[in-house]
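Note sheet for the following structure.
The values are calculated or read from the model by the stated rules, or taken from the named source; none is laboratory data. Here the structure is a predicted model, which means the values were calculated and not measured. Cβ placement follows ideal geometry from the backbone for every residue including glycine, while neighbour counts extend to all protein chains displayed.
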Amino acid sequence: MNKFIGHIDTLLNYDQDKSYDFFTNNDNFHVDLVKMKKAGIKLAVFAVYVESKYKPFWALERTLELIDRFHNLIESSQELQLIKDLEDIESLLENDKIGALLAIEGGEGIFSESALRILYRLDVRMIALTWNQRNQLADGIGELETNGGLTTLGKKILSAMEELGIILDVSHLAPAGFWDIVKIAKKPFLASHSNVLNVCNNKRNLDDEQLKAIAENKGLIGLNFAPAFLVKDKKADISDVIRHIDYIRDLVGIENIVLGTDYDGIDNTPKGLEDLGKLDNLKEELLRRNYSLQEIEQIFILNWLNFFRRIWG
Ligand SMILES: [Zn+2]
């Protein structure tokens, strides 16, 4: 069964290990092309995550460095397909390539609408305005106490993103900014790698009102496999992932659930989902728990396709 995943930090692997090679099997990392094929991955969102040490002055430099790395990957392979619009998605479904969509996690490099347009021209198609810190666009989840939402520039950038067709990702955003977005967003948005607060009390997770707001907006919730966001005692297995799926299904329905994973961005993984190549274990466990093949296909790919059609159609 083909699968889309909403957030991987694989571009950073090259910094951790100079010998990392995306195209061969790597035991020390969660994602490579071999594991993607094994898992039936049809599209992955590659995050340009700007680490704290680059902020604020070298954020744009680092953003460009990782975008360059992304394009080097695409250009050195016949097996990857750059995804920029709905036409690309539709053609991807007809071939045997793996789609790669470019995302930015943390908008520290975006100081103007022209900067945003340049990033769009570099094929960025998804942006999370913040990581955990505050920046010139909004407050991240690490700034909970200040209760800060989107800045004036943040609101301008959001409107420009919607006009361009850049997808908004609300993972890592502080709640005040989330609710600003609910008020002003004209298009659906997603939380690419966030779980359920009521199942695991971690500030990176979403409360019921947020989950309902995303569903009403016809957006997506992409599950994060980080044990710290799945269970209290931080030792997770597949059943813990499914507890979050069950909860969202019961609260808002299955149409809004997809997989984010956060592979290569998390230190630990759930038992049975140690790397991307193990993803079919989740399918088997869902089947055992009486999820139908149709429902599993919704989570793995169909909900994504509907979302892209709503945004880009
Ligand atoms: Zn993240």
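For the reader, a short list of remarks on this structure follows.
- Residues that are in contact with a helix residue (DSSP H, G or I) (Cβ under 6 Å, 6 or more places away or on another chain) and part of a loop (DSSP other than H, G, I, E, B) were ranked within the range 167-197; the one that is surrounded by the fewest Cβ atoms within 10 Å (Cβ to Cβ) is Lys186.
- Lys84 meets all of the listed conditions (1) within 16 Å of the ligand (Cβ to nearest atom); (2) outside any helix (DSSP H, G or I) but one, namely (1).
- Out of Leu287, Leu302, Leu211, Leu251, sole residue that is under 17 Å from the mean Cα position of the chain (by Cα), part of a helix (DSSP H, G or I) and surrounded by fewer than 22 Cβ atoms within 10 Å (Cβ to Cβ): Leu302
- Filter result for Leu80 (surrounded by fewer than 20 Cβ atoms within 10 Å (Cβ to Cβ) and either at pLDDT below 95 or among the aliphatic types (A, V, I, L, M) (or both)): no
- Total residues in the range 87-112 satisfying the condition of being closer than 20 Å to Ala138 by Cβ and either within 16 Å of the ligand (Cβ to nearest atom) or surrounded by 16 or more Cβ atoms within 10 Å (Cβ to Cβ) (or both): the figure is 9.
- Flag for Ser52 being touching a helix residue (DSSP H, G or I) at 6+ places or on another chain (Cβ under 8 Å), in contact (Cβ under 8 Å) with a residue 24 or more places away in the chain, surrounded by fewer than 17 Cβ atoms within 10 Å (Cβ to Cβ) and of a type in the set (S, T, N, Q): no
- Residue among Leu153, Leu144 that is at pLDDT 95 or above and not in a strand (DSSP E or B): Leu153
- Hits in the range 86-121 (condition: of a type in the set (A, V, I, L, M, F, W, C) and more than 13 Å from Phe46 (Cβ to Cβ)): Leu86, Ile89, Leu92, Leu93, Ile110, Phe111, Ala115, Leu116, Ile118, Leu119
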